[in-house]
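**Q** Take this structure, written in structure tokens, and hold onto it; I'll ask about it next.
Nothing in this text is a laboratory measurement; each read-out follows from the coordinates by a stated rule. Every value quoted in this text rests on a predicted model; they were computed, and no experiment measured them. Please note: Cβ atoms are built from the backbone with ideal geometry, for glycine as well, and neighbour counts cover all protein chains shown.
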Amino acid sequence: MKLKVFFLLLLVIGVIIGCQDDKSNTKKGTEKVVTEPEKNRVVKEIVLSEAPSDITSPSEAVVYQYGVVFENGEKEFPTKDSIISETTLGDRSIVTIHSPEGKNKYTVFLYENKGHWTMTDLMQLETLKDDQFAEKTGLNLPMEEFNIGRMMLNVNDNEDIWAFVNENNIITIARLNRFPFREPLGTTNVRLKRGAKGYLSNGPNGNSFLYYFDSQKIVILAGNISKSEIISLANSMPSVTSPFFPTSKK
């Protein structure tokens, strides 16, 4: 399958979020919080709320901010158990969750710390058996079939986040402009095939993540996969200057 078709079929929902000042939608203690997705409910809307001021991490914030309203009037938020991964470097963070929208629904969030953790973008995905890809176009993905999404952050400057998801795993690949941060505690160095130095670490939810620098970009790979799988994936990727990034084949 050619890359052109590969990207035209991306399931993309990118939402740019401005100031989140509507405190009337803030999560109340009496509201129902879902512990696992329920079937046969239709989502009416997604409501984004302001997190409490004492929140110290993006994964704490998201359980207050991402409200799913169903047509039957119920409103639910993610729980701590819904968090799949949190990957934080300095003032930027990528969070992935099982969405309370339903069993096979996932959401990827981009956060920035602007005095407090602020949700700046999100992307929704679904594992659709009848619409999955099997062609990996050169990527060493540890999954045979998957759905994919792309969050285009800055079209003019090639800043993007891709997500690959199936019933068991979700993997994100971010290509961002370089930004300052301190190396996370417990980070180890790995040598990647193209000669780049990789930095391997774990997120607070136990997920593996790896980052490396390429030209004026930082590439961040994360997911609920093993460290060896994430290194193998990084080794299969081309330079960020490739028009086919993150895939290595047309």
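**Q** Stokes-Einstein D for the stretch 40-162 at 10 °C, 1.306 mPa s, Kirkwood Rh over Cα pairs, in µm²/s?
**A** Details: Rh = 15.8 Å.
Estimated via Stokes-Einstein, D reaches 100 µm²/s.
**Q** Multiply the residue gap between Lys103 and Arg41 by 0.36 nm, knock off their C-alpha separation, and tell me the result in nm, one decimal place.
**A** 21.2 nm
**Q** Related question: Could you tally the net charge around Phe213, taking each other residue with its Cβ under 13 Å from the Cβ of Phe213, Lys/Arg +1 and Asp/Glu -1? Can you show the working numbers first?
**A** On the way: positive: Arg175, Arg178, Arg194, Lys197, Lys217; negative: Glu183, Asp214.
Result for the neighbourhood of Phe213: +3.
**Q** Continuing with this model, one more query. Going by Cα centres, the stretch 197-218 and the stretch 68-124 are how many Å apart?
**A** What the calculation gives is 20 Å, centre to centre.
**Q** Label Asn205 and Asp81 with points 7 Å out from Cα along Cα→Cβ: what is the distance between them in nm?
**A** Reported label-point gap for Asn205 and Asp81 is 1.4 nm.
**Q** Let me ask something else about it. Taking the Cα-to-Cβ direction at Phe213 and at His116 and moving 7 Å from each Cα, how far apart do the two end points lie in nm?
**A** Distance between label points: 3.3 nm.
**Q** Hey, another quick one. Cross-link list Lys80/Lys103; Lys80/Lys105; Lys80/Lys193; Lys193/Lys217: which exceed 27 angstrom alpha carbon to alpha carbon?
**A** Violating the 27 Å limit, Cα to Cα: Lys80/Lys193.
**Q** Provide the FRET efficiency to the nearest 0.05 for the Phe244-Glu145 pair, computing r from the beta carbons and using R0 = 22 Å.
**A** 0.60
**Q** Principal axes first, then extents: for the Cα atoms of the stretch 44-111, list largest minus smallest coordinate on each axis, whole Å, largest first.
**A** 40, 27, 17
**Q** Separate question: List the residues whose amide H sits under 5 Å from the amide H of Glu159, counting only those 5 or more places along or on another chain, with H placed 1.01 Å from N in the peptide plane.
**A** Long-range HN contacts for Glu159: Leu153, Asn154.
**Q** Residue by residue through the stretch 62-76, what is 3J(HN,Hα) from phi via Karplus (6.51 cos²θ - 1.76 cosθ + 1.60, θ = phi - 60°)? Round to whole Hz and write x for glycine and proline.
**A** Each residue of the stretch 62-76 in turn: 5, 6, 9, 9, 9, x, 10, 9, 9, 5, 7, x, 6, 10, 10 Hz.
**Q** Here is a further query. I'd like the FRET efficiency for Leu192 and Asp157, computed as 1/(1 + (r/R0)^6) with the beta carbon distance as r and R0 of 25 Å, rounded to 0.05.
**A** Efficiency, rounded to the nearest 0.05: 0.60.
**Q** Ordered by residue, what ³J(HN,Hα) values in Hz, to whole numbers, does the stretch 94-105 give under the Karplus form 6.51 cos²θ - 1.76 cosθ + 1.60, where θ = phi - 60° and Gly and Pro are x?
**A** With the stated coefficients, the stretch 94-105 comes to 10, 10, 10, 9, 6, 7, x, 4, x, 4, 9, 10 Hz.
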